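Asker: Okay, handing you the structure first.
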Amino acid sequence: MHPIMASRDRLGLYLAVWIPAAMLVAIEFATVSGLPWLAAAAMAGPLALAYAFVCLAAWYPCRATPLQTSGISRLIGTHGAAAVLSSGLWIVLASVWARLLAALGFSTAFDHFGDQVPVLFVTGVLLFALSVFAYYLLISYEAARQSETRSLELDVLAREAQLMALRAQVNPHFLFNSLHSIASLIGSNQAGARRMCVLLADFLRDSVRFGGRDQITLGQELSLVRQYLGIEQIRFGARLAVHEELAPDIQDALVPPLLLQPLVENAVKHGIAGLIEGGTVTVRAQGTGADLMLTVENPYDVDRAAAAGTRLGLLNVKKRLDTQFGPLASVRVADGGGRYTAEIRLPLTSAGGAR
Amino acid sequence: MTAALRVAIVDDEEPARAILREYLQQEAGVEIIAECSNGFEAVQAVANLKPDVLLLDVQMPKLDGFEVLELIERDVAVVFVTAYDQYALKAFDVNAVDYLLKPFIPERLTQALERVRARLTRGHLPRSEPLSARLRPPRGPLTRVLIRDGANVHIVPLAKIDYAEAQDDYVSIHAERRAYLKEQTMAQLEATLDPAHFVRIHRSYLLNIDRLAKVEVTDKDSRVAILRDDTRLPISRSGFARLSVLLGE
């Protein structure tokens with residue numbers, strides 16, 4: 001879409017900018033051909049208006065030859081040809097208009113139109129060049145504004161993801177429930193209470209430490225997940241079982257921190273916690289071609305399926321992968337028959353360098 | 001000294017039950033009569049053992065704490081015990097005596113039990129009318145109806161309900177060729193159901209619109225709804241008007 005034709009306001013503003021051009025042309029007619037002022041105005045006004053519309057076309061060669069990627073000869077060639085063509089067209093229009101005014105007996109001075117042609121032609125070329133200049137200015141301004149908006153958007157997304165990750169680390173209810181379990185163990189099982197204190201401290205320390213990095217190894221993420229599950233197993237007892245299926249050598253793969261942990265937390269909170277008999281959370285990691293595939297699977301209560309709606313942790317993981325890997329990463333969930341599976345795919349790189 | 005307070009502990013996490021057990025053993029005049037690890041057991045314990053106090057967790061499998069309250073006789077004092085503070089207002093709404101936030105110190109439990117005693121000596125606990133009508137709306141759309149049958153609990157998903165029939169202070173809910181009696185009035189049940197699926201076709205009948213096969217005109221101004229299983233239900237004049245609006249006719 002042409003930027004000036006896009007709205008009535010812009011077109012109005014554009015035409016207003018052409019008023020000085022009309023005045024310039026009128027002065028030319030008055031001085032070169034010695035037309036009386038009224039006749040010069042009658043000639044210049046409609047001509048300037050017509051040329052304003054002709055120069056709208058300058059936008060298209062500007063768009064077709066971007067400043068950054070086009071050579072200087074191509075720029076001069078394209079716009080020079082367009083300027084000569086436009087100015088030529090203008091001269092034709094001007095002569096038709098002059099003859100029409102002469103035929104109407106407006107003024108005999110139009111007989112001297114021929115004297116006017118060189119000056120008019122140069123004016124036409126200059127006005128066209130001015131339009132080209134203005135369009136390039138407009139294009140670079142729009143581009144700058146767009147890239148600013150995009151980088152702002154990215155910034156906001158990244159910060160949001162960071163905040164969410166931080167909040168996920170210290171899910172207050174997880175902390176409250178864990179502290180409650182510790183308080184309980186102190187009465188009956190002091191060694192167990194100490195062990196849980198250490199687990200909780202390790203988990204919090206590692207999630208803060210890893211959370212601040214861009215990448216950690218899968219092995220580090222898995223140890224975080226084990227700490228988390230270890231704490232939850234004290235709360236849920238025999239109801240929470242854990243099963244790991246890890247491909248050999250996969251531990252060195254690099255992943256953004258806190259990618260698996262929120263999924264495992266979901267599996268416990270929305271899955272196991274809702275089952276009277278509990279169940280098994282399965283964590284799988286394997287390389288498939290150029291991808292690393294991570295899955296977390298858990299059973300859930302089918303009667304409570306509606307409660308699975310708000311999985312904030314998953315949404316956050318999705319967003320973070322999107323900003324970091326774009327279309328190279330994906331998050332998929334499968335949900336059916338009382339089993340819920342979250343599957344993450346991301347490019348496989350290892351601590352030793354890309355494979 | 002009056003008789004011991006008879007307490008039932010309801011929490012799905014063993015450590016949470018253990019700490020209540022431990023704290024309660026330090027209390028004078030308290031007797032633990034039941035430990036329940038889910039809502040079903042809680043409903044059964046209340047029906048069979050009639051405790052004075054329920055120490056009740058909110059987030060549990062199958063039936064949460066509020067759903068348990070919906071199903072039990074209300075002459076039991078309720079103290080919520082949870083890590084979540086966001087249920088406090090709702091707990092106040094259902095007349096809970098106290099609300100303990102995990103973790104808590106023994107003194108806080110002592111205080112809660114004192115409040116229970118005060119409430120009990122002041123007389124009977126105010127027996128509120130069936131909770132569901134007041135409780136349900138802020139909890140989002142109802143997806144199932146809970147029905148207590150002695151010490152058992154039936155969970156009937158809304159989609160399985162054919163129709164409900166008013167019977168004095170009860171409603172008889174017909175689903176999957178069975179009828180469940182629920183202690184609730186027709187108006188209360190109707191208020192909790194999605195009006196896009198359930199329509200009051202008669203003073204005594206609430207119909208799941210998905211079950212309607214056809215409407216038969218028996219004589220002038222008198223109509224009968226015929227369900228997919230050939231059950232015939234009367235339709236009143238205003239019921240027919242509501243039905244027509246719902247069916248867009």
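The values are calculated or read from the model by the stated rules, or taken from the named source; none is laboratory data. Everything numeric here is computed off the predicted structure, so don't read it as measured data. Virtual Cβ from ideal backbone geometry, glycine too; neighbours counted across all protein chains shown.
Asker: Filtering the range A:300-332 down to residues that are within 14 Å of chain B (Cβ to nearest Cβ) and touching a helix residue (DSSP H, G or I) at 6+ places or on another chain (Cβ under 6 Å), which residue is modelled with the highest pLDDT?
Answerer: A:TYR300
To keep it simple, each residue is scored yes or no on (1) polar (S, T, N, Q); (2) under 30 Å from the mean Cα position of the chain (by Cα).
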position: A:ILE250; (1), (2): no, no
position: A:VAL268; (1), (2): no, no
position: A:ASN298; (1), (2): yes, no
position: A:ASP301; (1), (2): no, no
position: A:GLY313; (1), (2): no, yes
position: A:THR323; (1), (2): yes, yes
position: A:LEU328; (1), (2): no, yes
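Asker: Pairs, please: C-beta under 7 Å, at least 6 apart or cross-chain, first residue under 17 Å from B:LEU113 (Cβ atoms) and in a helix (DSSP H, G or I) and in the range B:78-97, second modelled with pLDDT of 90 or more and not aliphatic (A, V, I, L, M)?
Answerer: Close Cβ pairs satisfying both conditions: B:ALA91/B:PHE80; B:ALA91/B:TYR99.
Asker: Same structure, new question: I'd like to know if the range B:57-67 contains one or more residues that are of a type in the set (A, V, I, L, M, F, W, C), outside any loop (DSSP other than H, G, I, E, B) and either more than 14 Å from chain A (Cβ to nearest Cβ) or surrounded by fewer than 19 Cβ atoms within 10 Å (Cβ to Cβ) (or both).
Answerer: Within the range B:57-67 (the criterion being of a type in the set (A, V, I, L, M, F, W, C), outside any loop (DSSP other than H, G, I, E, B) and either more than 14 Å from chain A (Cβ to nearest Cβ) or surrounded by fewer than 19 Cβ atoms within 10 Å (Cβ to Cβ) (or both)), the answer is no, since none of the residues qualifies.
Asker: With respect to B:GLU41, is the statement that it is at pLDDT 95 or above, more than 8 Å from every other protein chain (Cβ to nearest Cβ), over 20 Å from B:TYR99 (Cβ atoms) and touching a strand residue (DSSP E or B) at 6+ places or on another chain (Cβ under 8 Å) true?
Answerer: For B:GLU41, the condition - at pLDDT 95 or above, more than 8 Å from every other protein chain (Cβ to nearest Cβ), over 20 Å from B:TYR99 (Cβ atoms) and touching a strand residue (DSSP E or B) at 6+ places or on another chain (Cβ under 8 Å) - is not met.
Asker: Within 22 Å of A:ILE4 (Cβ to Cβ) and either at pLDDT 85 or above or not in a helix (DSSP H, G or I) (or both) - does that describe any residue in the range A:24-38?
Answerer: Yes.
Asker: Taking the stated definitions as given, is B:GLU22 touching a helix residue (DSSP H, G or I) at 6+ places or on another chain (Cβ under 8 Å), over 25 Å from A:HIS270 (Cα atoms), facing chain A (nearest Cβ under 9 Å) and surrounded by fewer than 20 Cβ atoms within 10 Å (Cβ to Cβ)?
Answerer: yes
Asker: With respect to A:LEU199, is the statement that it is touching a Gly at 6+ places or on another chain (Cβ under 6 Å) and part of a helix (DSSP H, G or I) true?
Answerer: Answer is yes for this residue.
Asker: Now for a different question. Out of (1) closer than 26 Å to B:LEU101 by Cα; (2) under 34 Å from the mean Cα position of the chain (by Cα); (3) surrounded by 13 or more Cβ atoms within 10 Å (Cβ to Cβ); (4) without any contact (Cβ under 8 Å) to a residue 12 or more places away in the chain, the odd one out for A:SER207 is which?
Answerer: So A:SER207 meets the others, but not (4).
Asker: Restricting to the range B:211-235, what's the tally of residues that are free of Cβ contacts under 8 Å to residues at least 60 places away in the same chain and part of a strand (DSSP E or B)?
Answerer: 16
Asker: Which members of the range A:280-299 meet the condition of being under 23 Å from B:LEU63 (Cα atoms) and either more than 14 Å from every other protein chain (Cβ to nearest Cβ) or surrounded by fewer than 22 Cβ atoms within 10 Å (Cβ to Cβ) (or both)?
Answerer: Within the range A:280-299, A:THR280, A:VAL281, A:PRO299 meet the criteria.
Asker: Consider B:ALA191 against the criteria (1) over 26 Å from B:ALA96 (Cα atoms); (2) small (Gly, Ala, Ser); (3) not in a strand (DSSP E or B): it satisfies all of them except one. Which criterion is unmet?
Answerer: (1)
Asker: Can you go through A:GLN233, A:GLN227, A:GLN251, A:GLN261 and tell me which one is under 19 Å from A:LEU312 (Cβ atoms) and part of a helix (DSSP H, G or I)?
Answerer: Answer to the selection: A:GLN261.
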